[in-house]
1. Would you please name the residue that is modelled with the lowest pLDDT, looking only at residues in the range 71-83 that are over 8 Å from the mean Cα position of the chain (by Cα) and open to solvent by 80 Å² or more (accessible area, probe 1.4 Å)?
2. How about the range 114-170: which of its residues are more than 30 Å from residue 97 (Cβ to Cβ), open to solvent by 70 Å² or more (accessible area, probe 1.4 Å) and of a type in the set (Ser, Thr, Tyr)?
3. How many residues are under 11 Å from residue 92 (Cβ atoms) and not in a helix (DSSP H, G or I) if we restrict to the range 119-129?
4. Assess whether residue 8 counts as being assigned to a helix (DSSP H, G or I), at pLDDT 95 or above and more than 30 Å from residue 126 (Cα to Cα).
5. Does residue 99 satisfy being free of Cβ contacts under 8 Å to residues at least 60 places away in the same chain and touching a Ser or Thr at 6+ places or on another chain (Cβ under 8 Å)?
6. From 68, 33, which residue is among the aromatic types (Phe, Trp, Tyr) and surrounded by 12 or more Cβ atoms within 10 Å (Cβ to Cβ)?
7. I'd like the full set of residues that are exposed (fewer than 12 other Cβ atoms within 10 Å of the Cβ) and in a helix (DSSP H, G or I), limited to the range 99-113.
Amino acid sequence: VFFNIEIGVNNLASGDYLEAVSRYNAAKLRNDFVKENTTSLLLAELDYAKNLQIGIENVRSLSQIIAFLLLIMTAGGCIWYAIYFSNKLINPLTDLSAVAKKIEGGDLNATVDKKLLAGNNEIASMANSFNTMVLSLKMNIDKLKEYNKEIKNSRNRLKLEKDKLQKYLDTAGVI
């Protein structure tokens, strides 16, 4: 309506009276249409606004549900990752602790699982240190056994020499 009136006013100013009358009649028809249908147009607009509001509420509810599900999934993922990571860290330490207890009990044949030796991390380094420590203990114990054997042999030789010397002394005392 306003568009037709504005164009009609411009046509009057420029002297085009036929076009101005035509625009006036088009504006009058549209104005009559608006007068007749204002109620139905307003009701249609209100119905549209109501439906739009319902749609917005539905989207808001759906967004809240999605946000809640994402929160639960994120929390669940964090918990799963924490359990996975702690098991990945704790299980090898538990295995190393079990090997240490076997070694403490005197089982020098205890070895670290080969899975723990593989890798390039602190646990693999500690596992290699355990194996090195057990090997070093075995070698030191073997050396100590050899030294004990040598000491026993030396004692036996000394005892034989002592017995021999005592025999000479007894023979010299008789002579």
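The values are calculated or read from the model by the stated rules, or taken from the named source; none is laboratory data. No experiment lies behind these values; they were computed from the predicted model shown. Cβ placement follows ideal geometry from the backbone for every residue including glycine, while neighbour counts extend to all protein chains displayed. Calculation scope for accessible area: heavy atoms of the full protein, side chains included, ligands and nucleic acids excluded. Shrake-Rupley method; radii C 1.70, N 1.55, O 1.52, S 1.80 Å.
1. First pass over the range 71-83, keeping only residues over 8 Å from the mean Cα position of the chain (by Cα): 71-76, 79, 83.
Those left that are additionally open to solvent by 80 Å² or more (accessible area, probe 1.4 Å): 71-74, 79, 83.
Details: 71: 97, 72: 97, 73: 97, 74: 97, 79: 96, 83: 92.
Within the range 71-83, the match that is modelled with the lowest pLDDT is 83.
2. Filtering the range 114-170 down to residues more than 30 Å from residue 97 (Cβ to Cβ) leaves 146-170.
Narrowing the set further to residues that are open to solvent by 70 Å² or more (accessible area, probe 1.4 Å) leaves 146-153, 155-170.
Passing the criteria: 147, 168.
3. So the first thing to find is which residues in the range 119-129 are under 11 Å from residue 92 (Cβ atoms), and the list is 119, 121-124, 126-127.
Now narrow it down to the ones that are not in a helix (DSSP H, G or I): 119, 121.
Selection size over the range 119-129: 2.
4. Numbers: assigned to a helix (DSSP H, G or I): yes; at pLDDT 95 or above: no; more than 30 Å from residue 126 (Cα to Cα): yes.
It is false that residue 8 is assigned to a helix (DSSP H, G or I), at pLDDT 95 or above and more than 30 Å from residue 126 (Cα to Cα).
5. Details: free of Cβ contacts under 8 Å to residues at least 60 places away in the same chain: yes; touching a Ser or Thr at 6+ places or on another chain (Cβ under 8 Å): yes.
Spelling it out, residue 99 is indeed free of Cβ contacts under 8 Å to residues at least 60 places away in the same chain and touching a Ser or Thr at 6+ places or on another chain (Cβ under 8 Å).
6. Values: 68 fails: surrounded by 12 or more Cβ atoms within 10 Å (Cβ to Cβ).
Only one candidate qualifies: 33.
7. Residues satisfying the conditions are 101, 104.
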